[in-house]
Every structure is written in structure tokens, then in C-alpha cells.
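Accompanying notes for the structure given below.
The values are calculated or read from the model by the stated rules, or taken from the named source; none is laboratory data. What you see is a predicted model, and the numbers here were worked out from it, not measured in a lab. So basically every Cβ, Gly included, is an ideal-geometry build from the backbone, and we count neighbours across all protein chains shown. Ligands, DNA and RNA are stripped out before the accessible areas are found, and what is left, the full protein with its side chains, is counted by its heavy atoms. Shrake-Rupley method; radii C 1.70, N 1.55, O 1.52, S 1.80 Å.
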Amino acid sequence: MKKLILAFSIAAFTLTGYSQGLKPVKIDSLVTVSMPGEFTKKDTLGQQIYSGSGLMGYMMVIRAQNPANNQPLKKENDLNNVFKEYIKKLQGQSSGDIMNARDTTIGKLKAKVFALETNDENGQQVRNFALIYTKDATYTFEYLYPTNRAELIKDENKAYFGSIKISPELERTDQYISTASSGVSGTGKIAIYGGGSLVLLMIGYFIYRKKTETAMS
């Protein structure tokens, strides 16, 4: 029993120490998140992918630049529809199950958090997401881990998502404005699909699978 308690104590200490070891990274002048010390950054077509392996999971951030002439969505319901379409397309590409989808607030912005559970040749995995949409850019934060580590990743997962910082310069009006219009605007759809963030998300995921298959087995 003493050995078991000692093992759990060591594991808890290691997780806490690693969570404290995450380093703040500026995604742009408005958004910051903490990543592992050794992370990679890729730039392509005005979009950036930040990725790195944690102690228990894999972290990735995608910043997709929206068209320069993009305008805020008209109503909050339009933003809800953007989130809904994003999740629907992601689920279709991954053939997984969406879990625990809910709204939250990060800074002054409305965000959508959810999980995607998949079961393929790599076994059962969960991908936790936080999605933030603004007129200028769409930000996707992801934490991926094998299902059998669900109890072990809690501290690292919390440290990662809890580190997301949004500049007070970003207001809800950078997401949508209050008018009587309904439905998702054309520019809103362009921001999500034309920006290609989902495509890059899948590319980053497959890069992760190749690089970390051995490490996370």
C-alpha cells in the first residue's frame, strides 16, 4: 500500500511540475497560450500551426486568417451556427463522436468547447477542443490523448486550456453585432471553410500520429 501511495504521489508531482513548465507563446498580438518548451511552428498561406508533445498528451493551436474584408456576424445565433457547422464538418472528417459540447467565455469572447472521441487503427483517442471565432481570425486549440489516460491528463489538460489569454481589445463586436438579420453570413462561412482551418487541423493531426505513435504507445 505504501508503495502504491508513493507511486501516485510521484506521478502527481511530475504532472504538477510539467504543468508549471509550459511556456507562454504569443499566437499573435491578441492571443497567448502556454505550450511545451519544445514546440514546432509552421506557416502556410497566412495560417499558423503550433504543436508540441506534452507529458501525457499532444497540444496544437491553429490560427487561420480570415479574409481581409470579412465582417462580424449579425447575431449571436449566427455565431452559434458557425460553431455548429464547424463541429459537424470535423465530425464528418474524423468519423468520431462529439462529447460535452458547451459554450464558454474566454476573455470577452464567446467560445465553444467540446471533445471528439475516435477509434481507429491507433486505438481509442480523445481530442479536446476550444474554438474561438473572430472577424479577423479563427483560433482552434486542441489537446489529444489516448482514452486510457483520461485520469492522468487532467492537470496537463487544465493547465493548457486554462492558459489561453485573450487581449481586452477583443470585444464581442469582433464576433457578431446585434441586428435583426438571421442565418450565417457568407463571409462567416468563408472564414470557417475558405480559411482552411479544418484542413490544417487534419494535416496537423496526421503529422502528430506519425511523430508520436511510438512515444504514446
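Descriptive notes on the structure:
- Against the conditions (1) open to solvent by less than 60 Å² (accessible area, probe 1.4 Å); (2) closer than 22 Å to Glu156 by Cβ; (3) at pLDDT 95 or above, Asn122 satisfies every one except (3).
- Of all the listed residues (Lys84, Lys112, Lys135), the sole one being open to solvent by 10 Å² or more (accessible area, probe 1.4 Å), more than 14 Å from the chain's Cα centre (by Cα) and at pLDDT 95 or above is Lys84.
- Qualifying residue in the range 193-202 (condition: at pLDDT 55 or above and aromatic (Phe, Trp, Tyr)): no
- If you go through the range 55-69 and keep only what is surrounded by fewer than 20 Cβ atoms within 10 Å (Cβ to Cβ) and more than 21 Å from Gly162 (Cα to Cα), you end up with Gln65, Pro67, Ala68, Asn69.
- Beta carbons closer than 8 Å, at least 6 apart along the sequence or on distinct chains, pair a first residue in the range 80-96 that is polar (S, T, N, Q) with a second that is in a loop (DSSP other than H, G, I, E, B) and at pLDDT below 90 for Asn81/Gly183; Asn81/Val184.
- All positions within the range 142-164 that are of a type in the set (Ser, Thr, Tyr) and either assigned to a strand (DSSP E or B) or open to solvent by 30 Å² or more (accessible area, probe 1.4 Å) (or both): Tyr143, Tyr145, Thr147
- Residue ID - most open to solvent (accessible area, probe 1.4 Å), chosen from residues in the range 23-54 that are aliphatic (A, V, I, L, M) and at pLDDT 95 or above: Leu30
- Test result for Gln93, open to solvent by 60 Å² or more (accessible area, probe 1.4 Å) and in a loop (DSSP other than H, G, I, E, B): no
- Residues in the range 96-135 that are closer than 19 Å to Ala64 by Cβ and assigned to a loop (DSSP other than H, G, I, E, B): Gly107, Thr134, Lys135.
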